[in-house]
Amino acid sequence: MSISKTEAKQLLERMIFEETSPQDWVQDVWGLSPLLGDSAAKLFEAFEMLIECCPEEKLDNLLQSLYREFLDSQ
């Protein structure tokens, strides 16, 4: 069963940023170091662009692979 881009993005955000929203994460990093904050903002922007241009099937495969790795590490 394939998932939508919106669902994939939400799941990836939860895996990467856990309980924090991505925008809050960028602001937290920026507060620690403006140089790193700029990199964090660019990284999040690239993440969003990759989600938009990646086909749903590939996102689904990525999530399944990451989830399998997560389960194997438990």
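The values are calculated or read from the model by the stated rules, or taken from the named source; none is laboratory data. Please read all numbers here as calculations on a predicted model, not as lab measurements. These accessible areas exclude ligands, DNA and RNA; they are computed on the full protein's heavy atoms, side chains included. Shrake-Rupley method; radii C 1.70, N 1.55, O 1.52, S 1.80 Å.
A few points about this structure:
- Heavy-atom surface analysis with a 1.4 Å probe gives the chain a carbon and sulfur content of 57 percent of its accessible area.
- Straight-distance crosslink candidates among lysines, where the alpha carbon sits under 19 Å from LYS42 and sequence neighbours closer than 8 are dropped: LYS9
- Amide H contacts of THR20 (H built 1.01 Å from N, under 5 Å, at least 5 apart or other chain): none
- Ordered by 1.4 Å accessible area with all protein chains kept, LEU32, LEU59, LEU43 run largest first as LEU32, LEU43, LEU59.
- Where THR6, THR20 fall by accessible area, highest first, once all protein chains stay in place (1.4 Å): THR6, THR20
- Residue-wise HN-Hα coupling along segment 11-17, computed from phi with Karplus coefficients 6.51, -1.76, 1.60 (Hz; x: Gly, Pro): 5, 5, 4, 5, 5, 7, 9
- Rounded to the nearest 10 Å², the accessible area of LEU36 at probe 1.4 Å: 110
- The phi-based Karplus calculation (6.51 cos²θ - 1.76 cosθ + 1.60; θ = phi - 60°) puts the 3J(HN,Hα) values of segment 30-44 at 4, x, 7, 7, x, 5, 5, x, 5, 5, 4, 5, 5, 4, 5 Hz, whole numbers, x for Gly and Pro.
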